[in-house]
Amino acid sequence: MADNLSMVGKKRGREGPSIRGANGGSAGSSKEGRGAAGGKPICECTLCGKACSKPSSLTSHMRTHSGDRPYVCTSCGKAFTESGRLTIHIRSHTGERPYACTTCGQAFSESGSLTKHMRTHSGDRPYACTTCGQAFSQSGSLVRHMRTHSGDRPYVCATCGMTFSVSGSLTQHMRIHSGDRPHACTICGQAFANSGSLTRHMRTHSGDRPYVCTTCGQAFSESGGLAKHMRTHSGERPYVCTTCGMAFSLSDSLARHMRTHSGDRPYACTTCGQAFATSSNLTRHSKTVHALDHD
């Protein structure tokens, strides 16, 4: 492993930012600052004020300002600011996973991943939203959730400018522009832009219907199908016409209704050109009118 830890570059000729104790003394000197209880020495970054418990921690921190990455992987050339991060990265080449779950045996390359995984067994959710109280097992999940309150959408599509609250949504969106469909069905070969679409598609082969109505027992292959069905029991009609106030349980029903106001007829007969507001009316027209033409 030691051969994989390569220090690159020499120290710069000019001095970097100074390191001083919390009381203004030099880090490592007898004037170094100490905690309120007289505990471990505290070294403070003169650029951002962050306090570190020891000079080596401050040295690592200073690289976040300088951009220095002295620990280089000899396999792929990727560089890191800390030797520990390189050690973890090396495992992506060796396949080493030294941290194993004592409950299910799943193994991980770093201890932090095991800690997160253990919460799937314990149900521990230590990261709570201060706005609504919803709790999460990972800090990253809380960060993403907070954007539902703030409206923050930091991930921007460079092609069309559309913004997203999570990076994964941007990744999936970019496939609209690139045409990339990396998730392929192993049965029929149909490919999809995201894994969720593939999962739903696979149910057309397996017949799996995991979403079950607790009222009547009817099962559905997609959660959206169950949500629509539940409105037949609850009577909920969340889609309201802004023109006349008529309400519908399905968005498609509202869309068809709106054409009675707009006069829009998007379904045109390819034989005679007559247009209709709904596809069912076009189908009926073709069967009753043009079917006779072929008799």
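Read-outs throughout are calculated quantities, based only on the coordinates presented, and are distinct from any laboratory measurement. Note that the coordinates shown come from a computational prediction; the quantities given were computed from them, not determined experimentally. Neighbour counts are summed over all protein chains in view; Cβ atoms, including those assigned to glycine, are modelled from backbone coordinates with ideal geometry.
Determine, for M162, M62, the number of other Cβ atoms within 10 Å of each Cβ, and report the residues in order from fewest to most. Show your work: numbers first, answer last.
On the way: M162 14, M62 20.
Ordered from fewest to most neighbouring Cβ atoms within 10 Å, M162, M62 come out as M162, M62.
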Residues whose modelled amide H sits under 5 Å from the amide H of Q274, counting only those 5 or more places away in sequence or on another chain, are C269
Enumerate the calculated ³J(HN,Hα) couplings along region 163-173 in order (Karplus 6.51 cos²θ - 1.76 cosθ + 1.60, θ = phi - 60°), each rounded to whole Hz, writing x wherever the residue is Gly or Pro.
10, 9, 8, 10, 5, x, 5, 5, 4, 5, 4
In sequence order, calculated HN-Hα J values of region 216-227 (Karplus, 6.51, -1.76, 1.60; Hz; x Gly/Pro):
10, x, 5, 10, 9, 7, 10, 5, x, x, 5, 4
Please work out how much length the chain gains when fully extended from T103 to R153, using 0.36 nm per residue of separation minus the C-alpha to C-alpha distance, in nm with one decimal.
14.2 nm
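Between T171 and H205, what length comes free when the chain is fully extended (0.36 nm per residue of separation minus the Cα-Cα distance, one decimal in nm)? Write down the numbers at each step before the final one.
Values: separation 34, 0.36 × 34 = 12.24 nm, distance 2.72 nm.
Taking 0.36 nm per residue and subtracting the Cα distance, the gain is 9.5 nm.
Note the per residue figure in Å³ for the convex hull of the C-alpha positions in region 221-295. Present the calculation step by step, with values, prior to reporting the outcome.
On the way: hull volume 9.9 nm³, N = 75.
Output value, Cα hull per residue: 132 Å³.
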D124 paired with E222, simple spin-label distance in nm, labels 7 Å along Cα-to-beta-carbon:
3.9 nm
What trypsin sites (Lys or Arg not before Pro) in region 80-164 are in a loop by DSSP, with at most 10 other Cβ atoms within 10 Å of the Cβ?
none
